[in-house]
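The values are calculated or read from the model by the stated rules, or taken from the named source; none is laboratory data. Because the structure is a prediction, the values reported are computed rather than measured. Positions of Cβ are generated from backbone atoms using ideal geometry, with glycine treated the same way; all protein chains shown enter the neighbour counts. Ligands, DNA and RNA are stripped out before the accessible areas are found, and what is left, the full protein with its side chains, is counted by its heavy atoms. Shrake-Rupley method; radii C 1.70, N 1.55, O 1.52, S 1.80 Å.
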Amino acid sequence: MNINVYTESTPNPATMKFIVNKLLINGSVDYPTKESAEASTFAKELYKFSFVNGVFFASNFVTVTKTEDADWADIEAILKEFVKGAVESELTVQAAKADEEVSFEGTDAEVKIQQILHDYVRPAVEQDGGAIAYRSFNEGVVTVELRGSCSGCPSSTITLKAGIENLLKRMVPEVQEVVSEAM
């Protein structure tokens with residue numbers, strides 16, 4: 001298979017999506033630090049570049065967060081070529097594990113919140129090179145974790161409040177607020 005790679009900017013100016021014409025992973029996995037990348041040959045190799053500050057994989061793309069001193073004009077082509085070679089060489093994205101079935105736990109409201117996040121919010125957030133994870137629901141407050149390009153993105157607060165919070169308030173009357181937990 002001939003691997004094609006194209007790039008797409010994200011709402012976070014420090015991150016870029018490198019999209020390939022091959023499934024890399026079912027679901028998503030975040031390697032926010034060099035140390036967290038031990039289970040991924042692909043991520044470990046990306047972190048060998050001094051300008052890489054974060055790596056996130058979902059379906060057919062890898063989102064790379066650059067260091068502040070790096071300029072996309074200087075590094076985009078280098079990363080694009082690396083991603084192409086890594087996919088062609090079939091570098092592992094994560095250690096093999098059994099396919100996980102999506103299951104939600106908790107009260108009826110918690111299950112409904114998790115289902116909405118999974119079905120409606122997750123695909124939209126992944127389009128921007130990020131991921132969202134449910135953490136808790138306590139006294140009307142939903143806590144989520146934003147990863148990938150969403151972590152540290154200037155527009156993530158707007159997405160969280162205007163998008164996710166409004167959706168959950170409409171669909172789950174018990175929800176009063178949505179907050180993001182720092183990683």
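Things to note:
- Top-ranked residue in the range 114-142 [being open to solvent by less than 20 Å² (accessible area, probe 1.4 Å) and part of a loop (DSSP other than H, G, I, E, B); ranked as nearest to THR33 (Cα to Cα)]: GLY129
- Sub-8 Å Cβ pairs linking a first residue in the range 146-167 that is under 17 Å from GLU181 (Cβ atoms) and modelled with pLDDT of 75 or more to a second residue that is of a type in the set (A, V, I, L, M, F, W, C) and open to solvent by 60 Å² or more (accessible area, probe 1.4 Å), at least 6 apart or interchain, are ARG147/MET183, ordered by first then second residue.
- Note on the range 66-96: residues that are in a helix (DSSP H, G or I) and either free of Cβ contacts under 8 Å to residues at least 40 places away in the same chain or not aliphatic (A, V, I, L, M) (or both) amount to 13.
- In the set (1) closer than 19 Å to LEU23 by Cβ; (2) open to solvent by 20 Å² or more (accessible area, probe 1.4 Å), the condition left unmet by VAL64 is number (2).
- Residues within the range 143-170 that are of a type in the set (Gly, Ala, Ser) and open to solvent by less than 20 Å² (accessible area, probe 1.4 Å), tallied: 2
- When PHE18, PHE56 are screened for being in contact with a Phe, Trp or Tyr (Cβ under 9 Å, 6 or more places away or on another chain), modelled with pLDDT of 95 or more and either part of a strand (DSSP E or B) or under 22 Å from ARG122 (Cα atoms) (or both), only PHE18 passes.
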